[in-house]
Number of protein chains: 2
Amino acid sequence: MSTETIDGVSVTTRANVYFDGKCVSHNVTLADGTKKSVGVILPATLTFSTGAPEIMECVGGACEYKLAGSEAWVKSGAGERFSVPGNSKFEIRVADAYHYICHFG
Amino acid sequence: MSTETIDGVSVTTRANVYFDGKCVSHNVTLADGTKKSVGVILPATLTFSTGAPEIMECVGGACEYKLAGSEAWVKSGAGERFSVPGNSKFEIRVADAYHYICHFG
């Protein structure tokens, strides 16, 4: 079961647009100050760098991802999560759309 | 001055993707039940149809829009709004990015 809504947040109205719009997200801040983002990746193969560690939670669609130092592409679909270490990279490929929540830290 | 955040909302985690990703938005619901969306339009010329009347508030970037029945393209930039009647259409053209809040009703 994937997370359909996040309640009691402040949403930043201006979107984050990455890779010419292949990834678009909006930042949200929870009442306790926790920051997350909700976004979508459209058909593409992209490489993301992390600062803080991230947990990517799929809330719709699917992707395949490959962590730095791994040769394996792993599928992640709705309701599934994967973790990315801080100061690292991951590749992600999307055939249709990958809707996600990015949890930091 | 444009609206940088909307506070105390429930955000729908799954994005709305229109026109192959030329327009991406997320729905938010305020505590009183009011629904809005926050989104971005990327470089394109698009035609949108309305159900309910809409007020489009620019929170970053700019667009030009043309309402149904008008021949005039009108610019709208950060902090500016325009209204679209219900059951109507409007054209919008964006050169770089148009970040918006869509207020309904």
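Read-outs: derived from the displayed coordinates by stated rules, not from any lab. All values derive from a computational prediction rather than experimental measurement. Don't worry about glycine lacking a Cβ; one is built from the backbone with ideal geometry, like all the others, and counts go over all protein chains shown.
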Quiz prompt | Cα→Cβ-extended label distance, 7 Å offset, between B:THR34 and B:ARG81, nm | solution = 0.9
Self-check item: For B:VAL74, label point 7 Å along C-beta direction: distances to other copies, nm
Solution: 5.2
Practice problem: Obtain the nm distance between the two label points defined at A:ILE55 and A:TRP73 by a simple spin-label model: each point lies 7 Å from its Cα along the Cα-to-C-beta direction. | Solution: 2.7
Quiz item: B:THR45 label points, 7 Å along Cα→Cβ, one per copy: pairwise distances from this copy to the rest in nm, shortest first?
Solution: 3.5
Self-check item: Peptide A:21-32, shielding by other chains (average Cβ, 10 Å cutoff)
Solution: 4
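What is the average number of partner chain Cβ atoms found within 10 Å of a Cβ in A:60-66? Don't jump to the answer; show the numbers that get you there.
Details: counts 3, 3, 0, 0, 0, 0, 0.
Averaged over the peptide's residues, the number is 1.
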Exercise. Would you give the gap between the C-alpha center of the range A:4-44 and the C-alpha center of the range B:59-98, rounded to a whole Å?
Key: 24
Self-check item: Selection of chymotrypsin sites (Phe, Trp or Tyr not before Pro), chain B, meeting DSSP coil and at most 14 other Cβ within 10 Å
Solution: B:TRP73
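Using 0.36 nm per residue, how much length does the chain from B:MET1 to B:ASP20 gain when fully extended, once their Cα-Cα distance is taken away? The partial results should precede the final answer.
Values: separation 19, 0.36 × 19 = 6.84 nm, distance 3.08 nm.
Full extension of this stretch gives 3.8 nm more.
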Quiz item: How far, in whole Å, is the nearest Cβ of chain A from the axis relating it by rotation to chain B, and which residue carries it?
Solution: A:VAL24, 2
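Give the shape of the range A:38-104 as rounded, prolate or oblate, defined through the alpha-carbon gyration tensor: a ≥ b ≥ c are the square roots of its eigenvalues, a/c under 1.5 means rounded, and otherwise the shape is prolate if a/b is larger than b/c and oblate if not.
Working: a/c = 1.64, a/b = 1.24, b/c = 1.32.
In terms of gyration-tensor shape, oblate.
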Quiz item: List the lysines whose alpha-carbon lies under 25 Å from that of A:LYS22, not counting same-chain residues fewer than 8 positions away?
Solution: A:LYS35, A:LYS36, A:LYS66, A:LYS75, A:LYS89, B:LYS22, B:LYS36
Quiz item: At A:GLU91, label 7 Å along Cα→Cβ: distances to the other copies, nm, ascending?
Solution: 4.2
